[in-house]
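Dropping a structure here in structure tokens format, bear with me for questions.
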Amino acid sequence: MISHTSVRQYKTGAERNMREIGRQLGVAYIMEGSVRRARDRLRINAELIDARTDAHVWAETYDRTAADLFAIQSELAQSIVTQLKARLSPRQKAEIEERPTQDLDAFELYVQAKAIVDSYINATDVRAALLQALKSLDEAIQRDPNFVSAYCYAARANSLLFFFDLDPTPDRISLAEAALNNALRLRPDSAEAHFARGDYYFRCLRDYDRAQEELAIARPGLPNSTPFFILSGYINRRHNHFGEAERDFSTAFALDPRNPNAYNLLADTYVLERRFPEAVHVYDNVLAAGEQTPIVGFRRASSILWGSGDTGPFRDILTKFPDMEFAGGQTPARVWMAMLDGNYAEAERVLIASPRQDFQDIDFSFYFPKSWYRAMVARAKGDSAGAMAAFRECREILAQRLIVKPEH
């Protein structure tokens, strides 16, 4: 089953070509439907379609109270299993019947936060997005203090903030740990909780061995989890096991072909191995799957540039989308192109125009201070005094980061 991260991008109300969608997602069947809510009543229309033939296989309408939402989900899943003549293990049957929470408002808040965490790489401001996710999760937990999945995603959001130096403080680690402890207190056998603890060990403690031990515990309960394979790939890559990392990221990409975390990490792995044509091919597949966000074109053009030195596609995408700025990644690109042209005034203008004080560059897991770019521009144009002053400012900023995270 393809993840919600990929299918949510097919907008409601737009004309749909089921055969094309099936081809883009690599699936044989598609579930289509609608939900209408009037006060505490729900009307759900569901239809199962064979994407290969566009034939309608099964349809059902549910008129229930909103409190019956999870029961309807369970019935839907059972009906699909029956129509496809699939077999479920006892564990899978139990998961279908399990209710994540009794509070629908808490569940809605959780779903909003989950979408952010599962696609953080494409956020225009990663820190703001993760903090918004945590706000929603905190509200969900306040409504239902026994909401295990909300605690798991809170742990993951806090771990990401620490890992990417967006809030690399001991307090952020404590928040992640507290959320994990609550999840495991409520459900010691939860695969999702053990997965979140593996994520915590990897991102906050850099303890890759314990992270893998937690993934081994979680794996039987998460056989088709895109986040699971993404984390497994990340850990394998840090262990310098690039073959295993490529396998894991490829699996995540197959499970969720429009998940930015999956396809970007797979492409990044090829880039790190200097297999640039394969990185470009990943982005070609993403575009063929219907993804239209400009950042995909930017990263594809970046892979072409790194592999061949051809700046043409890179310049074209920057010109086509003059306001594009994802996590501060495009301002440095414009600075470098201006410097390549010897247009140092334009490079300075681009830097001054940006309200950001740090930027991602090359490795999209590290933020460079603005003073670093000021120093590079000053040095390139022969301003030794200006370069030294900016380098000193940059050094002080990085020294403060090392106090907080000496492992850098």
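If you take the beta carbon distance between Q83 and E407 as r and set R0 to 51 Å, what does 1/(1 + (r/R0)^6) give as a FRET efficiency, to the nearest 0.05?
For R0 = 51 Å, the calculated efficiency reads 0.50.
Still on this structure: Could you work out the local net charge near H56, counting Lys and Arg as +1, Asp and Glu as -1, over the other residues with Cβ closer than 9 Å to its Cβ?
Charge balance near H56 sits at -3.
Okay, next question. What does the highest-first list of 134-142, 238-246 look like by mean Cβ count within 10 Å?
Final packing ranking: 134-142, 238-246.
Helix 384-404 versus the longest principal axis of the chain: what is the Cα-based angle in degrees, 0 to 90, to the nearest 10?
So the inclination is approximately 40 degrees.
Let me ask you something else. Please state the charge dipole magnitude for the chain, taken about the Cα centre, from unit charges on C-beta atoms (+1 on K and R, -1 on D and E), reported in debye and rounded to the nearest 20.
So the dipole magnitude of the chain works out to roughly 220 debye.
What's the extension gain from R395 to D40 if we count 0.36 nm per residue and subtract their Cα-Cα distance?
Going from the current span to full extension adds 122.0 nm.
Does region 99-232 come out rounded, prolate or oblate, given a ≥ b ≥ c as the square roots of the eigenvalues of its C-alpha gyration tensor, rounded meaning a/c under 1.5 and, failing that, prolate meaning a/b above b/c?
Taking the square roots of the gyration eigenvalues as a ≥ b ≥ c, region 99-232 is rounded.
Given the options R374, R87, R19, which has the most mean-square fluctuation in a GNM of the chain, springs set between C-alpha atoms less than 10 angstrom apart?
R87
Calculate the dipole size of region 332-408 relative to its Cα centre from +1 charges on Lys and Arg beta carbons and -1 charges on Asp and Glu beta carbons; express the result in debye to the nearest 20.
Computed about the Cα centre, the dipole is about 140 debye.
Run the numbers for K381 and E139: contour at 0.36 nm per residue of separation, minus the present Cα-Cα distance, in nm.
So the extension gain works out to 81.9 nm.
Still on this structure: Calculate log10 I(q)/I(0) of region 328-404 for q = 0.11, 0.24 Å⁻¹, where I(q) comes from the Debye formula with a single equal point scatterer on each Cα and nothing for solvent.
-0.26, -1.16
Here is a follow-up. Taking Cα atoms, how many degrees apart are the long axis of helix 208-218 and the longest axis of the chain, rounded to 10 and kept between 0 and 90?
The answer is roughly 20 degrees.
While we're here: Please give the helix 260-272 orientation as an angle from the longest Cα principal axis of the chain, in degrees from 0 to 90, rounded to the nearest 10.
For helix 260-272, the angle is close to 40 degrees.
As a test of the formula, what do you get for the chain when each DSSP H run with n ≥ 4 contributes -39,500 (n - 2.57) and the sum is divided by the residue count, at 222 nm and rounded to the nearest 500 deg cm²/dmol?
-19500 deg cm²/dmol
Values quoted throughout were computed directly from the atomic coordinates according to the rules given, and no laboratory measurement underlies them. Every value quoted in this text rests on a predicted model; they were computed, and no experiment measured them. A quick note on method: Cβ atoms are made from the backbone with ideal geometry, for glycine too, and the neighbour counts reach across all protein chains shown.
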